[in-house]
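Enquirer: Can you keep this structure in mind? I'll have questions shortly.
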Amino acid sequence: MSQLLQTQLIDGTLVLKLALELAPTLAPLVGSQAWSECLEALGAAITGAGSEVTGIVLNGGDALYLRTSGQQQQGYTKSELLSADNLLTAIANSAVPVVASITGAVNDFGWQLALCCDYRVASSASTFDHDLLKHGTTPGFGGSQRLPRLVGMNVATRILTSPSPVSATKALEIGLIDLIDSPSADGAVNISVMASLLSQGRKGIDAQGQLSREADSTILDKLAATLARRRRAQFAPQQLVEALRIASNTELLQGLDAEREIYKQVQSHEQRGALSYLALGEQQADVIPGLAEGVEIPAIRSAAIIGSGTMGGGIAMCFANVGIPVTIIDNSDENLQRGLSVIKRNYEINVKRGSISQSQMDQCWGQVSGSLDYQDISDADIVIEAVFEDMQLKKKIFATLDEVMKPGALLGSNTSGLDIDEIASATKRPGDVIGLHFFSPANVMKLLEVVRGTKVSDQTILRAMSLAKIINKVAVLAGNCPGFIGNRMIRGYMQQGANLVLEGATIEQVDRVMVEFGMPMGPFTMGDLTGLDVGWRARLASGKAAGLTDHLPNKLCEMERFGQKSAAGYYRYEEGSRKPIVDPLVASWVEQISAEQGIERRTFDDQEVLRRCLYPLINEGAKIIEDGIAIRASDIDTVYVNGYGFPAYRGGPMYWANQIGLDKVHQEIENYHQQFGDTWKPAKLLKQLAQTQQSFS
């Protein structure tokens with residue numbers, strides 16, 4: 001191991017550095033025996049430090065502090081756990097003070113290791129990612145016990161549940177680190193800086209006292225309620241709260257033992273694999289095969305939005321929230337002023353809720369402006385069209401943008417399913433045109449479907465994917481087809497819900513089964529929320545005859561039951577309430593339509609309802625992979641969890657199918673194919689994987 005660990009004694013300071021590069025050397029080491037041996041070597045070096053040593057610096061860079069997310073899915077091996085514990089024990093029992101010198105991205109074991117040290121020094125580029133809940137796990141190396149003792153329970157709970165890493169500047173502000181000091185170009189630490197800290201002696205968190213039990217109890221009660229709402233039915237979040245309660249009520253050593261027991265329970269829970277898979281899937285979505293290397297990605301310093309409606313306003317807020325000036329264009333001053341007032345009101349609501357401060361609102365609102373003149377946005381780096389789904393209108397807008405926008409501007413369309421190639425054909429620069437499908441409300445929903453046409457440039461694709469990170473979205477690249485990934489899949493889900501009701505299930509049963517599975521709402525509640533009139537008007541405009549599943553929503557719309565907006569749709573709604581009320585009148589219409597269509601009605605058990613609604617997602621997802629619309633199965637799962645409410649702890653429809661077994665899923669779909677016809681024809685990929693006992697990977 002001598003080649004993996006460098007030791008240097010400088011004026012009494014022992015510098016220990018892992019001689020590993022992050023890539024490609026580290027990748028095969030993490031999770032291997034060699035990685036365990038690295039940790040053991042560090043622990044042995046600390047324990048065996050001679051009397052001439054007055055202080056120790058851990059300077060591992062990325063190699064020591066970065067824990068790759070890819071390993072989270074499998075978890076730590078027993079060997080790694082033992083080696084990590086030995087290292088942490090060596091630090092805690094060190095006869096001399098220890099400094100953690102942090103130079104890279106810190107997550108999981110890394111930040112917990114740093115907490116065990118007496119002092120923490122970070123480079124200005126360092127970041128601290130404390131969010132283990134996204135991997136379905138909790139701290140297991142002292143993080144839940146030491147962090148609140150260092151920064152207080154209120155701050156600790158915020159950063160442990162935030163998806164955003166903490167910057168070095170913020171870390172210094174909250175007391176997470178003691179100093180910002182970047183190493184030299186060759187990675188060597190600043191010995192004089194380290195020595196000045198070490199001269200202060202041991203200052204381990206271990207020696208600090210109890211937390212404020214009464215105040216912490218209130219904080220943790222509120223956290224438990226928030227996590228129960230935001231991460232409904234997830235196991236790890238409530239276990240994190242329990243670990244933090246222990247920190248508030250127990251001495252550190254007992255707390256560390258209790259934390260490890262909680263950690264073991266969480267690690268063995270079935271949800272951990274699904275959530276870790278999703279976290280890795282979000283990272284993999286950025287890996288796009290076939291693009292040219294070394295493509296320059298121009299910065300986006302200003303933005304423009306066409307359309308001041310709900311989507312346009314929400315998208316504008318995404319830019320304003322990160323400090324990018326954005327101008328909204330509309331052809332009506334009345335509409336424009338209404339749209340701007342909605343944005344301002346949204347910010348005011350956030351201030352009242354305590355989500356942002358008044359100064360933050362003033363800063364964001366100051367980035368937003370409006371205009372009726374396209375010339376006012378000609379110099380914007382990106383423009384996003386966000387009008388309603390009318391191809392001719394969109395093409396007219398893009399023809400104007402082609403004339404007005406500066407060369408190299410990114411031209412995006414917030415279409416939910418229209419042909420991006422046809423939209424791009426209205427311009428002389430199809431390479432700059434890309435689909436940017438935001439989900440409503442755009443300032444809240446995390447998903448961004450980036451849709452590439454046949455002529456889009458590699459630079460435009462990479463620029464769009466990069467934009468998602470800037471505005472804090474999760475991006476997935478999709479090919480160009482009706483509905484792209486998400487909306488193409490949801491058709492079968494909605495159709496089967498309608499079919500089940502005509503065949504004898506009740507509207508409330510179908511919705512209940514979906515909610516019990518983990519969906520935020522069932523298909524009929526969702527239809528009422530989004531508005532039944534949207535699809536109805538589109539069907540009328542198409543002139544096509546009503547399909548079997550169109551009869552009921554058509555009937556409702558003819559009775560001016562459009563959903564929540566009209567206080568009646570599939571359900572009734574009391575004035576000012578969104579709580580659905582079962583309406584016997586709708587049930588009678590369902591029975592009437594079934595009789596007219598010659599459908600024999602029967603009862604359904606909940607499991608059949610579940611399979612009928614969700615198996616179409618799996619089958620269509622397999623076809624989407626076949627067609628090259630999605631690059632990988634995890635992209636589909638990322639879309640469905642972040643955009644359509646599929647429960648994250650189940651991993652997404654493709655991951656869920658793997659857990660059931662694709663042979664079982666294929667057989668069930670084939671049975672439905674024989675019963676109902678080609679609507680249920682199994683995807684070739686699904687059949688192939690089932691026959692070869694493989695899974696979606």
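Enquirer: Please compute the Kirkwood hydrodynamic radius of the range 485-697 from all pairs of different C-alpha atoms, in Å with one decimal.
Expert: Working: mean 1/r = 0.0557 Å⁻¹.
Its Kirkwood hydrodynamic radius stands at 18.0 Å.
Enquirer: Another question, then. How many times 2.2 N^0.38 Å is the alpha carbon radius of gyration of the range 389-538? Write out the running numbers ahead of the final one.
Expert: Working: Rg = 18.0 Å, N = 150, 2.2 N^0.38 = 14.8 Å.
The value comes to 1.22.
Enquirer: Oh, and also: Could you state, as a whole-number percent, how many of the C-alpha pairs of the range 67-169 are farther apart than 17 Å?
Expert: Of all Cα-Cα distances in the range 67-169, 53 percent exceed 17 Å.
Enquirer: Among DSSP bridges having both ends in the chain, what percentage is antiparallel? Round to the nearest 5.
Expert: On the way: 15 of 55 bridges.
Rounded to the nearest five, the antiparallel share is 25 percent.
Enquirer: Can I ask one more? Size of the range 468-552 along its principal axes in angstrom, Cα-based, largest extent first?
Expert: The Cα atoms of the range 468-552 stretch 47, 37, 20 Å along the principal axes, largest first.
Enquirer: One-quarter of the Cα convex hull surface for the range 125-174, in nm²? Spell out each step's value before the answer.
Expert: Values: hull surface 13.7 nm².
Hull-based average projected area comes out at 3.4 nm².
Enquirer: Among the aspartates and glutamates, which have Cα under 19 Å from the Cα of Lys396 when same-chain residues fewer than 8 positions away are ignored?
Expert: Hits, sequence-local ones excluded: Asp330, Asp373, Asp376, Glu385, Asp419, Asp421, Glu422, Asp432.
Enquirer: Rounded to a whole number, what is D in µm²/s for the range 294-430 from Stokes-Einstein with the Kirkwood radius over alpha-carbon pairs (10 °C, 1.306 mPa s)?
Expert: Approximately 103 µm²/s, per Stokes-Einstein.
Enquirer: To continue, here is another question. For the chain, treating each Cα as an identical point scatterer without solvent, what Debye log10 I(q)/I(0) comes out at q = 0.05, 0.10 1/Å?
Expert: -0.29, -1.09
Enquirer: Which whole-percent values make up P(r) of the range 563-677 when all C-alpha to C-alpha distances are grouped in 10 Å steps starting at zero?
Expert: Cα pair-distance distribution for the range 563-677, in percent: 11, 28, 29, 27, 5.
Enquirer: Note down the Stokes-Einstein diffusion coefficient of the range 92-244 in µm²/s, whole number, using a Kirkwood radius over alpha carbon pairs, 10 °C, and 1.306 mPa s. Could you put the intermediate results ahead of the total?
Expert: Working: Rh = 16.2 Å.
Rounded, D is 98 µm²/s.
Enquirer: Give me the Å³ per residue figure for the convex hull around the C-alpha atoms of the range 448-509.
Expert: On the way: hull volume 5.0 nm³, N = 62.
It is 81 Å³ per residue.
Enquirer: Related question: Just to confirm the number: angle between the C-alpha axis of helix 633-644 and the first principal axis of the chain, 0 to 90 degrees, nearest 10?
Expert: Helix 633-644 sits at roughly 70 degrees to that axis.
Enquirer: Report the local net charge at Ser697: Lys and Arg +1, Asp and Glu -1, summed over other residues whose C-beta lies under 15 Å from its C-beta. Write down the numbers at each step before the final one.
Expert: Values: positive: Arg632; negative: Glu626, Asp635, Asp637.
Once all neighbours under 15 Å are counted, the net charge is -2.
Enquirer: Okay, next question. Please compute the volume of the convex hull spanned by the alpha-carbon atoms of the range 502-546 and report it per residue in Å³. List each step's numbers first, then the result.
Expert: Numbers: hull volume 3.7 nm³, N = 45.
In the range 502-546, the Cα convex hull volume per residue is 83 Å³.
Enquirer: OK, next. What's the angle, to the nearest 10 degrees (0 to 90), between helix 486-503's Cα axis and the longest principal axis of the chain?
Expert: 60 degrees
Enquirer: If you average 1/r across every pair of different Cα atoms in the range 409-475 and take the reciprocal, what Kirkwood value do you get, in Å? Let's see the in-between values first.
Expert: Working: mean 1/r = 0.0840 Å⁻¹.
That comes to 11.9 Å for the range 409-475.
Each reported figure results from applying straightforward, stated rules to the coordinates on display, with no laboratory input. Small disclaimer: the values here were computed from a predicted structure and weren't measured. Ideal geometry is used to build each Cβ from the backbone, glycine not excepted, and the neighbour counts take in all protein chains shown.
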